[in-house]
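Structure first, then comments.
The values are calculated or read from the model by the stated rules, or taken from the named source; none is laboratory data. What you see is a predicted model, and the numbers here were worked out from it, not measured in a lab. Ideal geometry is used to build each Cβ from the backbone, glycine not excepted, and the neighbour counts take in all protein chains shown. Just the protein is used for accessible areas: all its heavy atoms, side chains included, with ligands, DNA and RNA removed. Shrake-Rupley method; radii C 1.70, N 1.55, O 1.52, S 1.80 Å.
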Amino acid sequence: MKFWVNNNGKQESVEAADTIRRELIEHDFELDQNSPALVISVGGDGTLISTFHSYINQLDKVKFVALHTGHLGFYSDWTDDEIEELIQRIVEHGSDIPSTTYPLVEVDIEAKDGSTQHGIAINEATVRRLSALTLKTRVDIDSEYFESFRGDGLCFATPTGSTAYSKGIGGALIHPKVNVFQMVEMASINNRVYRTISSPLIIPENQVVHLYPQDAEDYVINFDGTVVELKNTECIKIQLSKQRAQFAQYRHRHFWTRVETAFLGQNDE
């Protein structure tokens, strides 16, 4: 089976990645960066997200597994003191990789000249302006007018992304088995002209959000940390992607256990 290992530059990550490569090659696995069946991310959640985007055009073929060199991340089932067990599981299953899938957010941008841009996020896509000025936009949901928004921006988060930036601005925590995404307002302003719901909205998989922003030249969309600048924007379309991220599930770790560990501190009471 073909595999690839991607790691960050920390010494513990480099050493862990080298061990994984060496031992899997010894078990007749083939190292292949271009067309792997399994991609192992070694580092933190940031490393996993950048690894995911490196294979954005192969999501139907690639399965990911994350090993965290430190405390557990939300995408990681393994730590660097469990390398031997992870390798044993990979070898036992071979090309028959047990897996689960996570929802993704998809964004399509149409400019006034008819040109288009496209992006996918595993955590979140945020729409805002580069300047200190506020974002002003009409918001339609499922082709019906919903609100006139004015504020710092709007965040569209996946269930797995609900524990990241979205949570910090008041978003809901959503289990990744629920096939939805959410829209979370960033510092909204309410007056006689602009009225917002001022609450996270959970959008089902069959509904689409359209933004029709007022004219400005400094709109940006941030896809999982990668900023895309927009010009002459006519419409921004946000929906749940038909594609999903595939993660190798060599063992199961409960989502709410991850939440408790990260935010509450392993309270045994």
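Only residues that are touching a Phe, Trp or Tyr at 6+ places or on another chain (Cβ under 9 Å), open to solvent by less than 30 Å² (accessible area, probe 1.4 Å) and not in a loop (DSSP other than H, G, I, E, B) were counted across the range 205-240, and they come to 8. Selection of first residues in the range 197-223 that are of a type in the set (A, V, I, L, M) and of second residues that are assigned to a loop (DSSP other than H, G, I, E, B) and at pLDDT below 95, restricted to Cβ pairs under 6 Å at least 6 apart or on distinct chains, gives the following pairs, ordered by first then second residue: VAL220/LEU130.
Which of the residues spanning the range 16-37 are surrounded by 15 or more Cβ atoms within 10 Å (Cβ to Cβ) and either touching a residue at least 40 places away in the same chain (Cβ under 8 Å) or more than 25 Å from the chain's Cα centre (by Cα) (or both)? Full working, then the answer.
Looking only at the range 16-37, we keep the residues that are surrounded by 15 or more Cβ atoms within 10 Å (Cβ to Cβ), and these are 16-17, 19-21, 23-24, 29, 36-37.
Those that are surrounded by 15 or more Cβ atoms within 10 Å (Cβ to Cβ) and either touching a residue at least 40 places away in the same chain (Cβ under 8 Å) or more than 25 Å from the chain's Cα centre (by Cα) (or both): ALA16, THR19, ILE20, ARG21, GLU23, LEU24, PHE29, ALA37.
Checking the conditions here, which among LEU86, LEU135, LEU67 is surrounded by 16 or more Cβ atoms within 10 Å (Cβ to Cβ), within 25 Å of LEU201 (Cβ to Cβ), among the aliphatic types (A, V, I, L, M) and touching a strand residue (DSSP E or B) at 6+ places or on another chain (Cβ under 9 Å)? Walk me through it before giving the result.
Values: LEU86 fails: within 25 Å of LEU201 (Cβ to Cβ); LEU67 fails: within 25 Å of LEU201 (Cβ to Cβ).
That would be LEU135, the only listed residue that is surrounded by 16 or more Cβ atoms within 10 Å (Cβ to Cβ), within 25 Å of LEU201 (Cβ to Cβ), among the aliphatic types (A, V, I, L, M) and touching a strand residue (DSSP E or B) at 6+ places or on another chain (Cβ under 9 Å).
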